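Worksheet: one structure, shown below.
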Amino acid sequence: MHKIYRTSPLFLLVAAGLLLMMANPPELRAQAQKFVISPNGTDDTPSIQAAMTACQGVTPHCVIRLMEGDFILTPVEADDFRGSIVGAGMNKTNITLKPGFQIQTGFFFQPPSPSNPHPQMFTFRGGDVTIMDLTMKAHGQDPFPPYCYFPGVCFTQLQSFISVFALPGSTDRTNSRIERVQLLAEQGPTGGVTSNARNTNNAIAIGGQFFQAKMEYGGTHVIKDCFVDWSHIFLLGANEVKFSLDHNTFRHSSSAADVGQVSDSDISLTHNDIEASWTGIGVTQFTFYDPDGWVPLKPSRYQIAGNRIRIAGNTPNPGEGIFVSDQFQLLAGDSQKRMVDVTITNNSVEMQAGALGGIDLWSVDNARVAGNVVKGAGDWGIGATGVTNSQFLGNYVDAFDATGGQIFLSGPGVATGGDSGYDTPVTNTFPATSNAFVLAGAHDVVVDQGTNNTVKRR
């Protein structure tokens, strides 16, 4: 006969606690640092900067809690920041850039620091950054007095509300998560020292932009449920990153999301609600821009899906809802050199008079464009220039210029223009679009000037 022994739940609970303590003795169980900051009504930079400095390189991650109210801030920064900055909610915790703050001459040639602030509200180099539940604002046409990168190259813009760069000399991954953050820029003058008709260049900038260290060692970056007004999101100069831009809202943007110079990365741009005057989503693997000469070595994978995009088309440069360009393949003329693997599915794009096209692909190989709805007025609904081995399946395209048609497959040619996000003229010679498969509607106008393309009707 077997005996059944019953052990009291209290004994099990105590035993489990003892085992946990043995595995994690008290001297190893560090407590996360917590900072609670309320606005002082004049300048909250010293308290926020001190908390961010205390969170550099810490384990476990710290928490900076910003209470409800209106904070006033000049630029702050941290290296290897490991923690969270959490507000009481959008429109409850409000952070406004303090007007009149002077950026030093020559700032560009030294890294950001409390003694050498750059024209960004929050700058992080390396680390593991979380920002949630707050609003950031930049008021007025000129948030800063004029500052210069080089003699004669001067601006008054806030360059970014949030910048996340790599930490020079570090091989650690850099991670960021930005959720439920409202980023409110304003309209700026169309000329003078403020460019692009807005007072803030980037709402969020991630990667190795300009002369910043490239994000060589990967990381995960999530931007979700944010609201962006008069600005955009920018990812540039990164390797082996996972980047997600999901369920965000953009208003009054010239271009809402720009991605370029990324290598061997997974990019997800999904379910965003975008109103823009120029380009909704721009992906450009370009070869000529980076001043450090850094270029991607492996293709990146892009998923552009479920976005709702409306383009005004009221700028000097006509725009597209979605623009994807692979300069590497274009210049090399070889699909083995491609740096873009893209699927574009289930997006809704609405164009207004003056726009170029709903979805525009340049020199992309093996793309899949399926289930999109494109409406409005423009040169074409879906355009493919120098595109190879790609599929265009079950898209609904309505009311476009008859010369470009609902779907336009280009012949060989030469085009002069700039890449998404830049005004530098570039002359490109491109081959004919070839080996494409198009499943078009019964009444779609398909203009096929390419070679070896197959067009079938639903």
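Cβ separations smaller than 7 Å between residues 6+ apart or across chains give the following pairs from segment 342-361 residues that are on the phi > 0 side of the Ramachandran plot to residues that are modelled with pLDDT of 95 or more and not in a strand (DSSP E or B): ASN346/GLY306; ASN346/GLY371; ASN346/ASN372. Picking from residues in segment 47-77 that are among the acidic types (Asp, Glu) and assigned to a strand (DSSP E or B), the one that is surrounded by the fewest Cβ atoms within 10 Å (Cβ to Cβ) is ASP70.
Report yes if ILE72 is out of contact with any Lys or Arg (no Cβ under 7 Å at 6 or more places or on another chain) and at pLDDT 90 or above, otherwise no. No. Considering SER195, SER255, the condition of being assigned to a loop (DSSP other than H, G, I, E, B) and either at pLDDT below 95 or surrounded by fewer than 17 Cβ atoms within 10 Å (Cβ to Cβ) (or both) is satisfied by SER195 alone. Taking the condition closer than 18 Å to VAL374 by Cβ and either modelled with pLDDT under 85 or not aromatic (Phe, Trp, Tyr) (or both), does GLY280 pass? Considered against the rule, which asks whether it is closer than 18 Å to VAL374 by Cβ and either modelled with pLDDT under 85 or not aromatic (Phe, Trp, Tyr) (or both), GLY280 comes out as yes. Annotation note: Cβ proximity below 8 Å between a residue of segment 83-97 that is at positive phi and a residue that is of a type in the set (D, E, K, R) and assigned to a loop (DSSP other than H, G, I, E, B) (sequence gap 6+ or interchain) occurs for GLY89/GLU68.
Restricting attention to segment 340-360, the residues that are surrounded by fewer than 24 Cβ atoms within 10 Å (Cβ to Cβ), at pLDDT 75 or above and not in a strand (DSSP E or B) total 3. On the given criteria, is GLN303 within 24 Å of LEU356 (Cα to Cα), at pLDDT 90 or above and either among the aliphatic types (A, V, I, L, M) or over 11 Å from the mean Cα position of the chain (by Cα) (or both)? It is true that GLN303 is within 24 Å of LEU356 (Cα to Cα), at pLDDT 90 or above and either among the aliphatic types (A, V, I, L, M) or over 11 Å from the mean Cα position of the chain (by Cα) (or both). Assess whether GLN56 counts as being at pLDDT 95 or above, in contact with a Pro (Cβ under 8 Å, 6 or more places away or on another chain) and within 29 Å of ASP172 (Cβ to Cβ). The answer is no for GLN56.
Take ILE95 and tell me if it is over 21 Å from the mean Cα position of the chain (by Cα), buried (at least 17 other Cβ atoms within 10 Å of the Cβ) and modelled with pLDDT of 95 or more. For ILE95, the condition - over 21 Å from the mean Cα position of the chain (by Cα), buried (at least 17 other Cβ atoms within 10 Å of the Cβ) and modelled with pLDDT of 95 or more - is met. Scanning segment 103-120 for residues that are surrounded by 14 or more Cβ atoms within 10 Å (Cβ to Cβ) and among the β-branched types (Val, Ile, Thr) turns up just one, ILE103. When segment 361-409 is filtered for residues that are touching a Leu at 6+ places or on another chain (Cβ under 8 Å), assigned to a loop (DSSP other than H, G, I, E, B) and surrounded by 21 or more Cβ atoms within 10 Å (Cβ to Cβ), the ones remaining, listed by number, are SER363, ALA367, GLY378, GLY386, VAL387, SER390.
Taking the listed residues ASP142, ASP128, ASP80, ASP133, the one that is touching a His at 6+ places or on another chain (Cβ under 8 Å), over 15 Å from ASP44 (Cβ atoms) and either in contact (Cβ under 8 Å) with a residue 24 or more places away in the chain or not in a strand (DSSP E or B) (or both) is ASP128, with no other qualifying.
Restricting to segment 98-125, and then to whatever is among the small types (Gly, Ala, Ser) and without any contact (Cβ under 8 Å) to a residue 24 or more places away in the chain, can you tell me which residue is farthest from THR59 (Cα to Cα)?
Per the criteria, the residue is GLY106.
Quick one: how many residues across segment 83-125 are within 25 Å of ASN175 (Cβ to Cβ) and not in a strand (DSSP E or B)? Here the count works out to 10.
The values are calculated or read from the model by the stated rules, or taken from the named source; none is laboratory data. In this text, all values refer to a predicted model and were calculated from it rather than measured experimentally. Every residue, glycine among them, receives a Cβ derived from its backbone with ideal geometry; neighbour counts consider all protein chains shown.
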